[in-house]
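A.B. asks: Below: one structure in structure tokens.
The values are calculated or read from the model by the stated rules, or taken from the named source; none is laboratory data. Given the structure is predicted, the values throughout are model-derived calculations rather than measurements. Here the Cβ positions follow ideal geometry from the backbone for every residue, glycine too, while neighbour counts run over all protein chains shown.
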Amino acid sequence: MNDILTKLRKTRASNSAAAIRILLGLLFLSTGVMKFVVPNLRAAFSGQLTAAGIPFHSLNMWLVPAAEIGVGVLFILGFLSRLASLSAILMMMVATYVHIVVDDPTLFPLQPLQPVIPIVAIALCLYILWIGRWKRNSNRRRTGMITAADLMESLLKSQDESYGTTLSGRS
């Protein structure tokens, strides 16, 4: 058991994990905000909860969008990514259940009736859960927070290294 926990605590450097984490963050942040701001989506979400028989309807109308926003922010910042992944997996399991149980296509205005998006999100969260962190440059100060600009800089640097040039354009 300790070997499994040790392996889960170790992370491997991966730029792809950072890109996936940031994209997942944007997905969760935008869906959470839209459930609060866009009346039609809020009504559709309410209908999904009712049609699927999810308990505590009024609590979930506020809790789920707030949790999506929180998970999105954690993913984007790269802070507690594994905890965010676990939370996102739980939310997407419920979303998959809702997609399977609810037959009314009007309750899914911006997504397919099949649970494609939740299943892909679960797969990506499992990848983040397994990999864990972003590849950092050895000369970069380790702050623990990785931004999209840091990721783009790293990707440009690795592309330049593969072509034998630097960011300034000199060989």
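A.B. asks: Scanning for something surrounded by fewer than 19 Cβ atoms within 10 Å (Cβ to Cβ) and over 29 Å from A18 (Cα atoms), does the stretch 61-70 turn up at least one residue?
C.D. replies: Yes, there is a match, as at least one residue in the stretch 61-70 is surrounded by fewer than 19 Cβ atoms within 10 Å (Cβ to Cβ) and over 29 Å from A18 (Cα atoms).
A.B. asks: Being under 19 Å from the mean Cα position of the chain (by Cα) and modelled with pLDDT of 85 or more is true for just one of V73, V37. Which residue is that?
C.D. replies: Only one candidate qualifies: V73.
A.B. asks: What are the residue pairs meeting all of these: first residue in the stretch 96-119, first residue at negative phi and of a type in the set (A, V, I, L, M, F, W, C), second residue at pLDDT 85 or above and part of a helix (DSSP H, G or I), Cβ atoms under 8 Å, and 6 or more apart or on different chains?
C.D. replies: Close Cβ pairs satisfying both conditions: I117/A95; I119/M92; I119/T96.
Residues checked against (1) part of a helix (DSSP H, G or I); (2) modelled with pLDDT under 60:
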position	(1), (2)
L90	yes, no
D103	no, no
Q111	no, no
P118	yes, no
A123	yes, no
W134	no, yes
K157	yes, no
S162	yes, yes
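A.B. asks: Within the stretch 76-99, can one find any residue that is surrounded by fewer than 16 Cβ atoms within 10 Å (Cβ to Cβ), of a type outside the set (A, V, I, L, M, F, W, C), more than 28 Å from L129 (Cα to Cα) and more than 12 Å from the chain's Cα centre (by Cα)?
C.D. replies: Checked against the condition, which is being surrounded by fewer than 16 Cβ atoms within 10 Å (Cβ to Cβ), of a type outside the set (A, V, I, L, M, F, W, C), more than 28 Å from L129 (Cα to Cα) and more than 12 Å from the chain's Cα centre (by Cα), the stretch 76-99 yields no hits at all.
A.B. asks: Which residues, counting only those in the stretch 35-74, are without any contact (Cβ under 8 Å) to a residue 12 or more places away in the chain and among the aliphatic types (A, V, I, L, M)?
C.D. replies: V37, V38, A43, L59, L63
A.B. asks: Residue check, M61 against (1) over 22 Å from Q111 (Cα atoms); (2) part of a helix (DSSP H, G or I), all met but one. Which one?
C.D. replies: Failing condition for M61: (1).
A.B. asks: Regarding G32, is this residue surrounded by fewer than 18 Cβ atoms within 10 Å (Cβ to Cβ) and either of a type in the set (D, E, K, R) or touching a residue at least 12 places away in the same chain (Cβ under 8 Å) (or both)?
C.D. replies: No, not satisfied.
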